[in-house]
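So the structure is just underneath, and the comments pick up after that.
The values are calculated or read from the model by the stated rules, or taken from the named source; none is laboratory data. For clarity, every value in this text was computed on a predicted model and none was experimentally measured. Every residue, glycine as well, gets a Cβ built from its backbone with ideal geometry; the counts of neighbours run over all protein chains shown.
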Amino acid sequence: MRLTNKVALITGGAGGIGLATARLFLAEGAKGVAIVDFSEENLKLAEESLGREKVLYIRADVSHAGEVQKYTKQVKEKYGRIDVLFLNAGTEGVVKPMEDYPEETFDQVMGVNVKGVWLGMKYAFPIMKADGGGSVIITSSVAGLRGTAQVSAYVGSKHATIGLMRVGALEGAPGNIRVNSIHPSPVDNRMMRSLEDGFAPGQGESVKENFTKMIPLGRYASNEDIADLALFLASEQSKFITGATYVIDGGFTV
Ligand SMILES: NC(=O)c1ccc[n+]([C@@H]2O[C@H](COP(=O)([O-])OP(=O)(O)OC[C@H]3O[C@@H](n4cnc5c(N)ncnc54)[C@H](O)[C@@H]3O)[C@@H](O)[C@H]2O)c1
């Protein structure tokens, strides 16, 4: 039991990685897990599958300051503290070269993937500091470490989260808040189905085959693979780690 009595808040908590992580955190003894997501329908399904007892679900848009203030406050009111903040909500945008990429989609991707992370730290830090600190985990991507044509907003946003993570690590350290980022390669879930279809409409399977060939361990990550890394960074086992970028990619970027 690596999270006994800990309180975790997971954004994108109704999605593939977020839900798998919520499940693992509860199995590891968390006192409460708050899942924040945009999709009410998926939140209800997530709550059903996790059980209501130790789960608080909150519908919020992570890119709006007022909603971030609301979700951090609600978790504090319900559980008294926030020990683990998993800033994981993300959106992929569309697959198009920059010259055709819609400006409003660019703004939306930046709003969720970058501003959402900034707002999360901005409003959770005071709560976490007051209660002795904790661990912040930011879901970036291998797209935060290298370029991929046709996904400029996503790639730009995931690079930007590394900068926010580093500043968060420096500003959080005096309050005993650790901040790290994780960088998955393709994960076998909804977001990759959407991107595969974007790269080759109607031929997603062949895109998946091509990506898989580029991964030395020969497969996509599972949501649970990523949850295992989040657990390590959430737990006391990583107590001297902050400001680090954790690649989890089966060798994809080697
Ligand atoms: N799937 C992959 O291959 C992959 C690879 C690397 C990194 N990531 C990152 O992992 C994170 C989790 O994604 P996932 O793979 O579980 O995909 P997902 O689409 O299943 O989950 C993303 C969740 O974020 C939520 N979300 C989107 N916009 C939001 C907003 N404005 N406010 C609140 N919630 C919002 C969605 O409703 C969804 O539940 C994302 O940051 C994503 O960029 C995914």
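Key figures
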item	result
Top-ranked residue of the range 71-84 - restricted to ones that are buried (at least 20 other Cβ atoms within 10 Å of the Cβ) and part of a loop (DSSP other than H, G, I, E, B), ranked as nearest to the ligand (Cβ to nearest atom)	Ile82
All positions within the range 104-136 that are surrounded by 22 or more Cβ atoms within 10 Å (Cβ to Cβ) and within 21 Å of Gly80 (Cβ to Cβ)	Gly120, Met121, Ala124, Phe125, Met128, Gly134, Ser135, Val136
Residue match in the range 30-39 (condition: at pLDDT below 95 and either in a loop (DSSP other than H, G, I, E, B) or of a type in the set (S, T, N, Q) (or both))	yes
Among the candidates Ile35, Ile17, residue that is closer than 25 Å to Asp131 by Cα, aliphatic (A, V, I, L, M) and within 15 Å of the ligand (Cβ to nearest atom)	Ile35
Top-ranked residue in the range 55-70 [being touching a Phe, Trp or Tyr at 6+ places or on another chain (Cβ under 8 Å) and part of a loop (DSSP other than H, G, I, E, B); ranked as nearest to His183 (Cα to Cα)]	Val62
Count - residues of the range 103-119 that are touching a helix residue (DSSP H, G or I) at 6+ places or on another chain (Cβ under 6 Å) and either under 20 Å from Gly18 (Cα atoms) or free of Cβ contacts under 8 Å to residues at least 40 places away in the same chain (or both)	7
Residues located in the range 213-237, provided they are more than 18 Å from the chain's Cα centre (by Cα) and under 27 Å from Leu3 (Cα atoms)	Glu236, Gln237
Meets criteria (under 21 Å from Gly16 (Cα atoms), buried (at least 20 other Cβ atoms within 10 Å of the Cβ), in contact (Cβ under 8 Å) with a residue 40 or more places away in the chain and not assigned by TED's automatic domain parsing to the domain that holds Ser194) for Ala46	no
Output for the range 138-167, where each listed residue is within 11 Å of the ligand (Cβ to nearest atom) and more than 17 Å from Asp249 (Cα to Cα)	Val151, Tyr154, Ser157, Thr161
The range 169-194, subset within 16 Å of the ligand (Cβ to nearest atom) and in a helix (DSSP H, G or I), residue nearest to Gly90 (Cα to Cα)	Met191
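Rundown of residues vs (1) in a loop (DSSP other than H, G, I, E, B); (2) over 16 Å from Ala89 (Cα atoms); (3) hydroxyl-bearing (Ser, Thr, Tyr), yes/no style:
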site: Leu119; (1), (2), (3): no, no, no
site: Ala143; (1), (2), (3): no, no, no
site: Gly147; (1), (2), (3): yes, yes, no
site: Gly163; (1), (2), (3): no, yes, no
site: Val167; (1), (2), (3): no, yes, no
site: Pro201; (1), (2), (3): yes, yes, no
site: Lys208; (1), (2), (3): no, yes, no
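Rundown of residues vs (1) closer than 22 Å to Asp228 by Cα; (2) surrounded by fewer than 16 Cβ atoms within 10 Å (Cβ to Cβ); (3) within 17 Å of the chain's Cα centre (by Cα); (4) not hydrophobic (A, V, I, L, M, F, W, C), yes/no style:
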{"residue": "Thr21", "(1), (2), (3), (4)": "yes, no, yes, yes"}
{"residue": "Leu24", "(1), (2), (3), (4)": "yes, no, yes, no"}
{"residue": "Glu28", "(1), (2), (3), (4)": "yes, no, no, yes"}
{"residue": "Gly32", "(1), (2), (3), (4)": "yes, no, no, yes"}
{"residue": "Ile35", "(1), (2), (3), (4)": "yes, no, yes, no"}
{"residue": "Leu50", "(1), (2), (3), (4)": "yes, no, no, no"}
{"residue": "Leu56", "(1), (2), (3), (4)": "yes, no, no, no"}
{"residue": "Ala60", "(1), (2), (3), (4)": "no, no, yes, no"}
{"residue": "Gln69", "(1), (2), (3), (4)": "no, yes, no, yes"}
